[in-house]
Amino acid sequence: MSEHKPGLSYAAAGVDIDAAHQAMKGVAALVRSTATSDTLSELGSFGGLYRVPRDARQPVLVASTDGVGTKLKVAFTSGRHGTVGEDLVNHCVNDILVQGAKPLFFLDYVGVGKLEPGVVEALVEGVARGCRENGCALLGGETAEMPDMYSPGEYDLAGTIVGLVEEDRLLDGRAIRPGDALIGLASTGLHTNGYSLARRIVFERMGLGMDDAFPEEDGTVADVLLRVHKSYLRSLYPLIEAGRIRGLAHITGGGLTDNVPRILPEGVDARFDLGSWTVPPLFRVLQREGGVERDEMFRAFNMGVGMVAVVAKDDADAVVRDLRAAGEQAWIAGEIVPGEGKVVLSDNGATG
């Protein structure tokens, strides 16, 4: 006779539907806090509903999807989950801002091996905070519990943003000309790129722990590595509306070297004066302790520049003043010159 075996359930297989429902109750208020006048659906619908703003004249929708990358490893190890959601939103906002778009709504995705009390709520709280600060609705998302897909205590976090730009305000780089000025806007740190290299340097080469002081910086390793990816929407969008921006490049993976060429028209280069800004201590420490070559640093990291704006030369000083008045650290970082569509780093030794 065969041995009687008890019946299986989803919970026994590692997926707790009741826990998922409880987690969603905890985030419902966060989602509602991001609703705008054009939000038409509630959390729990199969699809999110959003009205195209009625005052749009020639609306072009701009969409982007991204994740937080291995910065999540820092969140796992430190147990600090409240800011990576904000990183995600701000990164996506910047990605569509460079085409002139203002965000409308956001959708998030959280994949976990096992739902841990409070973790999903902390993640969504960060996403909701980012949405509120950028004026976009958290329209919905997905939380998936998948045993054996993730190690204990780990998760993945990704999101999709949709924004709108009037067709005659679309930024595509075609207005960029030789002689235009390059304006640098300071980053807050690594933002969300370069963490695979940074973690190897900090934790393996330097042997530091999360609670250790980061050399030459104000804060612990966790403080410095989890600094929130900055959104540039509030400071740059008024300049976009006024027609004063000819091009924008979000400096993410690939750094200045790979991102700025994405917006250059044929026949020009972007020449940066490396003496125009002081590279923050974080990057100098990583370069020194990791023995990283200069060109590799400028491809792996943002080197203190989170966004680059291209503006008319005769408006550059005024744009810098306006950006500083809006709270940005901004400066003239170089110029557009005849060339072949690449970045030229003019080195006077200021980067060490």
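Values in this text are rule-based calculations from the coordinates and carry no lab data. Keep in mind it's a predicted model, so treat the numbers as computed, not measured. Because the Cβ atoms are built from the backbone with ideal geometry, glycine has one as well, and the counts that use them run over all protein chains shown.
Residue separation times 0.36 nm, minus the C-alpha to C-alpha distance between Asp38 and Thr278: what's the value?
The span from Asp38 to Thr278 would gain 82.1 nm if fully extended.
Each label point is 7 Å from the Cα along the Cα-to-Cβ direction; what then is the distance between the points at Arg294 and Gln58, in nm?
About 4.4 nm separates the two model spin labels.
Would you calculate the separation in nanometres between label points at Glu166 and Arg321, each defined as 7 Å from the Cα along the Cα-to-beta-carbon direction?
A separation of 2.6 nm, rounded to one decimal place.
Taking only Cα atoms of region 181-346, what ratio of Rg to Rh do you get with Rh as the Kirkwood inverse-distance radius?
Rg/Rh for region 181-346 comes to 0.99.
List the chymotrypsin sites (Phe, Trp or Tyr not before Pro) in region 40-106 that DSSP assigns to loop (not H, G, I, E or B) and whose Cβ has at most 16 other Cβ atoms within 10 Å. Which are they?
Qualifying residues, ordered by number: Phe46.
Given the rule -39500 (n - 2.57) for each run of at least 4 DSSP H residues, summed and divided by the residues of the chain, what is its mean residue ellipticity at 222 nm, to the nearest 500 deg cm²/dmol?
Calculated at 222 nm, the ellipticity per residue is -8500 deg cm²/dmol.
By the gyration tensor of its Cα atoms, with a ≥ b ≥ c the square roots of the eigenvalues, what is the shape of the chain: rounded for a/c under 1.5, prolate for a/b over b/c, or oblate?
Oblate, because a/c is 1.5 or more while a/b does not exceed b/c.
Which loop trypsin sites (Lys or Arg not before Pro) in region 46-139, with loop taken from DSSP, have no more than 14 other Cβ atoms within 10 angstrom of their Cβ?
When the trypsin sites (Lys or Arg not before Pro) of region 46-139 are filtered for loop state and at most 14 Cβ neighbours within 10 Å, Arg51, Arg54, Arg57 remain.
Run the Debye formula on the Cα coordinates of region 89-204, all scatterers equal and no solvent, and tell me log10 I(q)/I(0) at q = 0.12, 0.16, 0.19 1/Å.
Those come out to -0.62, -0.95, -1.14, one per q.
Would you please give the FRET efficiency between Glu340 and Ala29, computed as 1/(1 + (r/R0)^6) with r the Cβ-Cβ distance and R0 = 41 Å, to the nearest 0.05?
So the FRET efficiency works out to roughly 0.15.
Give me the distance in nm between label points sitting 7 Å out from Cα along the Cα-to-Cβ direction at Arg51 and Asp218, one decimal.
That separation, rounded to one decimal, is 4.6 nm.
Taking the alpha carbon gyration tensor of region 175-253, what are the square roots of 5 times its eigenvalues, largest first, to the nearest whole Å?
The equivalent ellipsoid of region 175-253 has semi-axes of 34, 14, 10 Å.
What is the helix-to-structure angle for 281-290, meaning the angle in degrees between its Cα long axis and the longest Cα principal axis of the chain, kept from 0 to 90 and rounded to the nearest 10?
80
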